[in-house]
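The values are calculated or read from the model by the stated rules, or taken from the named source; none is laboratory data. Just so you know, these numbers come straight off a predicted model, no measurement behind them. Note that each Cβ is placed from the backbone with ideal geometry, even for glycine, and that neighbours are counted across all protein chains shown.
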Amino acid sequence: MNKKNFLGTVCAAVALAAVVSACGDGTTRSTGWEFSRNMYDPIAFNPDQPNKNFKNGITAQTPPTGTTPIGFTRFEFPNTTEGYEAAGAQITVNPLERTEQNLKDGHALYVTYCAVCHGPEGKGNGAITKDREVDDSRGKRTLENFPEPPSYGQSEGTPSSRGGKMSELTPGKIYHTITYGWNAMGPHASQITPEDRWKVVMYVQELQKK
């Protein structure tokens with residue numbers, strides 16, 4: 001038997017053995033041999049599984065105090081009036097470099113998350129502050145208007161509800177407000193990454209100059 005025929009015979013035998021071993025005998029529920037079982041039976045515990053390796057028997061342990069999760073950027077200022085004032089006093093310069101690309105990204109993020117309330121030019125005339133109607137299966141009805149937020153513009157000299165002029169808000173105060181929200185504005189920490197928040201701050205500061 002030449003080498004080619006020999007290899008063909010071996011391959012056919014292996015294939016036949018695999019097929020036969022994978023078939024049941026009609027009386028059991030066996031699925032036959034399993035390949036690489038550890039690929040779908042994880043060795044690690046699932047977070048919600050009991051775990052005897054810990055004293056409290058829980059797999060998902062509370063992280064040690066002071067630790068920072070991977071990929072998480074900690075903001076040291078708390079969601080308080082004191083934290084807001086401290087952020088404003090200590091962060092007076094945007095940590096990101098003012099570049100054309102960062103401003104462009106900040107504008108895109110502002111349009112996505114902020115303009116609906118604050119307006120495209122930051123004047124507080126966003127779409128949801130205007131009269132709106134909807135006509136659907138429940139008929140035509142008027143939607144609730146949200147109050148207009150104060151304008152960022154320097155020329156308008158609008159006061160902030162937390163003191164000072166909107167045009168004079170420091171990067172720290174703007175970032176703090178984006179992170180935690182204020183009044184009718186909800187927090188955006190779960191929607192905008194820390195770096196992108198600084199890009200929004202950069203763009204808002206451009207609106208403050210108008």
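Inside the stretch 179-208, residues that are of a type in the set (Gly, Ala, Ser) and within 15 Å of residue 108 (Cα to Cα) make up a count of 0. Close contacts from the stretch 68-83, counting a first residue that is under 18 Å from residue 171 (Cβ atoms) and a second that is surrounded by fewer than 10 Cβ atoms within 10 Å (Cβ to Cβ), with Cβ to Cβ under 7 Å and a gap of 6+ residues or different chains, come to 74/68. If the condition is being surrounded by 10 or more Cβ atoms within 10 Å (Cβ to Cβ) and touching a strand residue (DSSP E or B) at 6+ places or on another chain (Cβ under 9 Å), then the stretch 125-140 contributes 132, 134. Filtering the stretch 62-81 to residues that are more than 23 Å from residue 190 (Cβ to Cβ) and surrounded by 10 or more Cβ atoms within 10 Å (Cβ to Cβ) leaves nothing. Just a yes or no: is a residue in the stretch 171-187 surrounded by 17 or more Cβ atoms within 10 Å (Cβ to Cβ) and assigned to a loop (DSSP other than H, G, I, E, B)? No, every residue in the stretch 171-187 fails to be surrounded by 17 or more Cβ atoms within 10 Å (Cβ to Cβ) and assigned to a loop (DSSP other than H, G, I, E, B).
Before we move on, is residue 125 under 18 Å from residue 160 (Cβ atoms) and in a loop (DSSP other than H, G, I, E, B)? So residue 125 fits the description; yes.
Do we have any residue at all in the stretch 134-143 that's within 16 Å of residue 87 (Cβ to Cβ), among the acidic types (Asp, Glu) and either over 28 Å from the mean Cα position of the chain (by Cα) or outside any loop (DSSP other than H, G, I, E, B) (or both)? Checking the stretch 134-143: not a single residue is within 16 Å of residue 87 (Cβ to Cβ), among the acidic types (Asp, Glu) and either over 28 Å from the mean Cα position of the chain (by Cα) or outside any loop (DSSP other than H, G, I, E, B) (or both).
Residues in the stretch 141-156 that are surrounded by 12 or more Cβ atoms within 10 Å (Cβ to Cβ) and not acidic (Asp, Glu): 146, 149, 150, 151, 152, 153, 154. So for the stretch 121-136 (the condition being more than 21 Å from residue 93 (Cβ to Cβ), in contact (Cβ under 8 Å) with a residue 40 or more places away in the chain and not hydrophobic (A, V, I, L, M, F, W, C)), does at least one residue qualify? Yes, that holds for at least one residue. If you filter the stretch 150-181 down to residues that are touching a residue at least 40 places away in the same chain (Cβ under 8 Å) and of a type in the set (Ser, Thr, Tyr), you find that the one that is farthest from residue 200 (Cα to Cα) is 155.
Comparison of 18, 60, 22, 12 shows that the only residue that is out of contact with any Asp or Glu (no Cβ under 9 Å at 6 or more places or on another chain), at pLDDT 65 or above and not polar (S, T, N, Q) is 12.
For residue 110, the test of being within 30 Å of residue 160 (Cα to Cα), in a helix (DSSP H, G or I) and touching a strand residue (DSSP E or B) at 6+ places or on another chain (Cβ under 9 Å) is failed.
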